[in-house]
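Down below is the structure, laid out as structure tokens.
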Amino acid sequence: GALVYQYPRRTICKSGTSMRMECQAVGFQATSVAWYRQSPQKTFELIALSTVNSAIKYEQNFTQEKFPISHPNLSFSSMTVLNAYLEDRGLYLCGARDMGGPDTQYFGPGTRLLVL
Amino acid sequence: LAKTTQPPSMEAYEGQEVNVSCSHTNIATSEYIYWYRQVPHQGPQFIIQGYKDYVVNEVASLFISADRKLSTLSLPWVSLRDAAVYYCIVTDMNTGGLSGKLTFGEGTQVTVIS
């Protein structure tokens, strides 16, 4: 079956430091990978969408300078949160779409970021 | 993109059928209806999708009104494992499908009572 792994599951960083999180698609090829942030209040924000053979598209209020993303192949993506501050805390979710499967998006369990 | 409206919460006893409604009065002809659910400490899980009429899979069934402005997710014989936040998402195939952008609303918290 199609699975999405995210690593780490939980991380703590000091204010002003950076942390990198990874997303791995297993059992399928991810034509697109979307990174979301779910706030402590449970609201979702789309950070950026990375599609194979296209430039990464960032949503308003999110920039490549703050959230650089790498999507080197159809099974792996990583995102870094640079200069993390309190407002960056939350659950970072990776959603990957299966190129050859049904039109659905598979999500990983998320990386929970706590900023001290 | 059409906005969706769901009840904030619902309760049901184990073994009952749960019907979660979603209003999407401004749905466009190009848009499909997706349902996801999220349990604590996990990412959203796809349940079902549909365009019109009635869709069923091994997990749930989805009824869509004739004018497509209302959909109802039906969960038969709920168990404690079905307790989650259920999200109704309306998006067109170009954004939610092929490109992968989904817009989550507030969702419906379904509580299952043993």
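The values are calculated or read from the model by the stated rules, or taken from the named source; none is laboratory data. Values in this document were obtained by computation on a predicted structure and should not be read as measured data. Please note: Cβ atoms are built from the backbone with ideal geometry, for glycine as well, and neighbour counts cover all protein chains shown. Surface accessibility is based on the protein's heavy atoms, side chains included, excluding ligands, DNA and RNA. Shrake-Rupley method; radii C 1.70, N 1.55, O 1.52, S 1.80 Å.
Of the chymotrypsin sites (Phe, Trp or Tyr not before Pro) found in the stretch B:15-61, the ones in coil according to DSSP and having at most 15 other Cβ atoms within 10 Å of their Cβ are B:Y51. In terms of its alpha-carbon gyration tensor, the stretch B:9-113 comes out prolate; a/c meets the 1.5 threshold, and the first ratio a/b outweighs b/c. Determine the share of the stretch A:3-115's accessible area contributed by carbon and sulfur atoms, expressed in whole percent, with a 1.4 angstrom probe. With neighbouring chains kept in place, the figure for the stretch A:3-115 is 51 percent. Take the stretch B:9-113 with all the other protein chains still there, run a 1.4 Å probe, and you get 49 Å² of accessible area per residue. Legend: mean number of C-beta atoms from other chains within 10 angstrom of residue C-beta atoms, peptide A:25-38, equals 2.
Peptides A:91-98, B:105-112 ranked from most to least packed, by the mean per-residue count of other Cβ atoms within 10 Å: A:91-98, B:105-112. FRET efficiency for the B:E58 to B:E17 pair, using the beta carbon distance and R₀ = 22 Å, is estimated at 0.90. Where a Cα-Cα gap under 29 Å defines reach, which lysines qualify for B:K69, not counting those fewer than 8 residues away within the same chain? Within reach: A:K42, B:K3, B:K52, B:K101. Taking a straight line from the alpha carbon of A:K66, these aspartates and glutamates sit under 20 Å away, with near neighbours fewer than eight places off in the same chain left out: A:E22, A:E45, A:E87, A:D88.
A cysteine counts as unpartnered when no other cysteine's C-beta lies under 4.7 Å of its own; in the protein assembly as shown this applies to A:C13. Along its first, second and third principal axes, ordered by size, the stretch A:3-115 spans 41, 25, 23 Å in Cα coordinates. Would you work out what percent of the accessible area of chain B, with all protein chains in place, is carbon or sulfur (probe 1.4 Å)? About 53 percent, which is the carbon plus sulfur part of the accessible surface. Between the stretch A:1-38 and the stretch A:79-96, what's the alpha-carbon centroid distance in Å? Spelled out, the Cα-based centre of one part sits 9 Å from the other. Measuring nothing but how far apart in sequence close Cα pairs (under 8 Å, 6+ apart) lie, relative to its length, chain B scores a relative contact order of 36 percent.
For the stretch B:28-45, a drop of 10 Å² or more in accessible area on going from the chain alone to the assembled protein chains (1.4 Å probe) is found at B:Y34, B:Y36, B:Q38, B:H41, B:Q42, B:G43, B:P44. Buried accessible surface for the B/A chain pair comes to about 1600 Å², total over both chains, computed with a 1.4 Å probe.
Neighbouring Cβ atoms from other chains, within 10 Å of the Cβ of residues in A:39-49, number 3 on average.
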